[in-house]
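**Student:** First the structure, then my questions, so here it is.
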Amino acid sequence: MKYVVLIYSNPAAWSALPAGEADRVLQVHNDLIDELTGSGELLNIYRLAHAGNARTVALRDGVPVVTDGPFGESKEVLASLWEIDVERLDRALAIAGVLTPHATVEVRALMDAAGMEM
Amino acid sequence: MSGADRVEDLLRELAPQVLGTLVRRYGQFDLCEDAVQEALLAAAVQWPQAGVPEQPRAWLVTVASRRMTDQVRAEGARRRREETVAARSPADALVAPGADADLRPEADDTLTLLFLCCHPALTPASQVALTLRAVGGLTTAQVAVAFLVPEATMAQRISRAKQTIKAAGARFAPPPPEERPDRLRVVLQVLYLIFNEGYAASSGPDLQRAELTTEAIRLARELHRLLPDDGEVAGLLALMLLTDARRPARTLPDGSLVPLAEQDRSRWDAAAIAEGVALVTASLARAPVGPYQVQAAIAAVHDEAARAADTDWPQILVLYELLERLAPSPVVTLNHAVALAMVRGPLAGLDLLATLDDDGRLAGHHRLDAVRAHLLELAGDPTAARERYRAAARRTTSLPEQRYLEGRAARLDP
């Protein structure tokens, strides 16, 4: 089963972490990446640039209009996205659990182009 | 069939034989498997242009042996560097063995390889990947495409699987007789998993994945050739043939799914049905009955009905009752409920489904909702049916299933 694990974090809170804590958390992430690469469960990992660089594109009067933001200094924003392929949902949730320090983690199943007739 | 296709078929057939020869000669399944993969890749490039060598199997054994020797030498050199002591190097002993020295066909090699690749220490995903590469002769890239993962990820899974087998102390030898039935059951599960991966694939970008059904049938056929008296092996091959026979009718050109009852049966593969029916009939007559034979028998009853309305549902119901006794599972109960509904009416089917509500294994599964929706529709309760179709559509992770279920719900809109 393929899932994406979405990690949301608050950039302001992240910057304010005590010395060493950010490194410790990143080490946990790197160890997990090594483990999932070794097991062949990690398909892709996307680390997103700072949300301050984000642009929002929306239709206004039928025309796509670009605005800056949303800025994420004071709220949780999507920080990275991991694509995994695991035997069961339990395993995806256990992986998400390791990523929870200073973050909110969402697990979503990916749709498949295959299917069974009924 | 193009020259390249012919070469590919030949390579897939020879792959397990060449690997068996190498492992018997050198031991070290993991290194031999890499060496054979490289020899297969070299042949896939060279043979379509230069022509197939007179003795293709000996050619592959020679090239793979050379790779093996190089690897053992490189490994020896690495050790010498690391340990700065004269490494015990078996390399010289391995140089240029007579290519034909042990080329006698070993029918059991394929079987031994299947047991090894389907080792119980591995996860199902690893069993499938290793079986396709080592026994099926597929390249890592082909296996990766079939499972829609990056090639590097698939290479890692295969390498990890081989390490796991090594760590489990498995040898290139048939399992002891007392373990054999359980080990064979795992082999059959792996082949059926490969088949279903391919069968579920619909159209368009999924077509390469669909070739997994062909590969699974080829491996099941080979297994049946090696174990002609095993009823469950025959049953699995029959089940695959009888299911795959409907493939031309199960999707529309746009990839949407057609339920069994609405398929254009003139498009079913009559030859595959005849072969499957003959296989299951013969095996039921002489072997102890097992779950694959019963599932094949159910598929045969469906396939032999010229129109959906001609389906012998009482016969299918009896077979599901038997299957529930032989191999009970919530999925069997689900299908049993459909058969019961067709024979005794939708309310009887719904009653049986209710027994699954307390079974955690299917709670929240889209197929429970989908079957309930179908039976509620038959029972004349469109409102409840629509609600269950929508719940099933939300729960499935398959795009064509979602489209089908939403279509069913929309038909019932007031």
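**Student:** Determine, for each peptide in A:60-70, B:269-279, B:367-377, the mean count of other beta carbons within 10 angstrom over its residues, then list the peptides with the highest first.
**Tutor:** Taking the mean over residues of other Cβ atoms within 10 Å, the ranking is B:367-377, B:269-279, A:60-70.
**Student:** If you don't mind, there's one more thing I want to ask. For region B:271-414, with only Lys/Arg (+1) and Asp/Glu (-1) charged at the beta-carbon, what is the dipole magnitude about the Cα centre, in debye rounded to 20?
**Tutor:** 300
**Student:** For peptide B:250-260, what's the mean number of Cβ atoms from other chains within 10 Å of each residue's Cβ?
**Tutor:** 2
**Student:** What's the whole-number percent of alpha carbon pairs in region B:138-236 lying beyond 16 angstrom?
**Tutor:** Result: 66 percent of Cα pairs exceed 16 Å.
**Student:** Counting only protein heavy atoms and rolling a 1.4 Å probe, how much accessible area do A and B lose on contact, total for both sides, in Å² to 100?
**Tutor:** That pair hides around 2200 Å² of surface in total.
**Student:** Once the whole set of protein chains is in place, how much accessible area is left on B:D303, using a 1.4 Å probe, in Å² to the nearest 10?
**Tutor:** Here the accessible area works out near 10 Å².
**Student:** Okay, moving on. Please give the charge dipole size of the protein assembly as shown, origin at the Cα centre, charges +1 on K and R Cβ atoms and -1 on D and E Cβ atoms. Round to the nearest 20 debye.
**Tutor:** 540
**Student:** Let me ask another. Would you kindly compute the Cα radius of gyration of chain B and its largest Cα-Cα separation (Dmax), both in Å?
**Tutor:** Rg then Dmax for chain B, in Å: 24.6, 84.
**Student:** How big, on average over all directions, is the shadow cast by the Cα convex hull of region B:186-314, in nm²?
**Tutor:** 7.8
**Student:** Under 19 Å from the Cα of A:K75, which aspartates and glutamates turn up, not counting those fewer than eight places away in the same chain?
**Tutor:** Qualifying aspartates and glutamates at Cα under 19 Å: A:E106.
**Student:** What ranking, highest mean first, results for peptides B:246-253, B:124-131 when packing means the other Cβ atoms within 10 Å averaged over each residue?
**Tutor:** Result, highest mean Cβ count within 10 Å first: B:124-131, B:246-253.
**Student:** If you take the square roots of the eigenvalues of the alpha-carbon gyration tensor of region B:151-190 and sort them as a ≥ b ≥ c, do you get rounded (a/c under 1.5), prolate (a/b over b/c) or oblate?
**Tutor:** In terms of gyration-tensor shape, oblate.
**Student:** Then there's this: If you count, for every residue in B:388-401, the Cβ atoms of partner chains within 10 Å of its Cβ, what is the mean?
**Tutor:** 3
**Student:** If you don't mind, another one. For a quick check, take a GNM of chain B with Cα springs below 10 Å and name the residue from B:A170, B:A50, B:A282 with the largest mean-square fluctuation.
**Tutor:** Among B:A170, B:A50, B:A282, the largest mean-square fluctuation in the Gaussian network model of chain B belongs to B:A50.
**Student:** Shifting gears a bit: Any idea what the dipole of region A:18-118 comes to, in debye rounded to 20, about its Cα centre with Lys/Arg Cβ at +1 and Asp/Glu Cβ at -1?
**Tutor:** About 380 debye.
**Student:** Could you tell me how many degrees, from 0 to 90 and to the nearest 10, lie between the Cα long axis of helix B:270-286 and the main elongation axis, the longest principal axis, of the Cα atoms of chain B?
**Tutor:** With both axes taken from Cα atoms, the answer is about 90 degrees.
**Student:** Moving on. Using +1 at the C-beta of Lys and Arg and -1 at the C-beta of Asp and Glu, which of A:A49, B:G380, B:L212 has the Cα lying farthest in the positive direction of the dipole of the protein assembly as shown?
**Tutor:** A:A49
**Student:** State, to one decimal in nm², a quarter of the convex hull surface area for the C-alpha atoms of chain A, i.e. the direction-averaged projected area.
**Tutor:** With every direction weighted equally, the projected area is 10.5 nm².
**Student:** Something else now. Share of region B:280-414's accessible area from carbon and sulfur, percent, 1.4 Å?
**Tutor:** 54
**Student:** Ok, one more. Before I look further, what does the protein assembly as shown give for accessible area per residue, probe 1.4 Å, in whole square angstrom?
**Tutor:** 48
**Student:** Accessible area of B:R403, 1.4 Å probe, to the nearest 10 Å²?
**Tutor:** It works out to around 120 Å².
**Student:** May I pose another question? Give the span of region B:301-414's Cα atoms along each principal axis, as three whole-Å numbers ordered largest to smallest.
**Tutor:** Sorted largest first, the three principal extents are 36, 35, 26 Å.
**Student:** First check a/c for region B:236-390, with a ≥ b ≥ c the square roots of the eigenvalues of its C-alpha gyration tensor; if it is under 1.5, answer rounded, and if not, answer prolate when a/b is larger than b/c or oblate otherwise.
**Tutor:** The shape class here is oblate.
**Student:** So how tilted is helix B:330-344 from the main axis of chain B? Cα-based, degrees 0 to 90, rounded to 10.
**Tutor:** The angle comes out at about 30 degrees.
**Student:** Once every DSSP H run of n ≥ 4 in chain B is given -39500 (n - 2.57) and the sum is divided by its residues, what mean residue ellipticity at 222 nm do you get, rounded to the nearest 500 deg cm²/dmol?
**Tutor:** Estimated from H runs of four or more residues: -22500 deg cm²/dmol.
**Student:** Work out the mean other chain Cβ neighbour count within 10 Å for the residues of B:155-164 and drop it here as an integer.
**Tutor:** Averaged over the peptide's residues, the number is 2.
**Student:** Could you state the angle between the C-alpha long axis of helix B:180-200 and the longest principal axis of the C-alpha atoms of chain B, as a value from 0 to 90 degrees rounded to the nearest 10?
**Tutor:** 70
**Student:** Semi-axes, largest first, in whole Å: what does sqrt of 5 times each Cα gyration tensor eigenvalue give for the protein assembly as shown?
**Tutor:** Ellipsoid half-lengths, sorted descending, are 41, 38, 21 Å.
**Student:** On each of the three principal axes of the Cα atoms of region A:1-59, give max minus min coordinate, whole Å, ordered largest first.
**Tutor:** Rounded to whole Å, the extents work out to 41, 38, 14 Å.
The values are calculated or read from the model by the stated rules, or taken from the named source; none is laboratory data. Note that the structure is predicted; figures quoted are calculated from it, not measured. Cβ sites come from the backbone with ideal geometry, for glycine too, and all protein chains shown count toward neighbours. Ligands, DNA and RNA are excluded from the accessible area calculation, which covers all protein heavy atoms including side chains. Shrake-Rupley method; radii C 1.70, N 1.55, O 1.52, S 1.80 Å.
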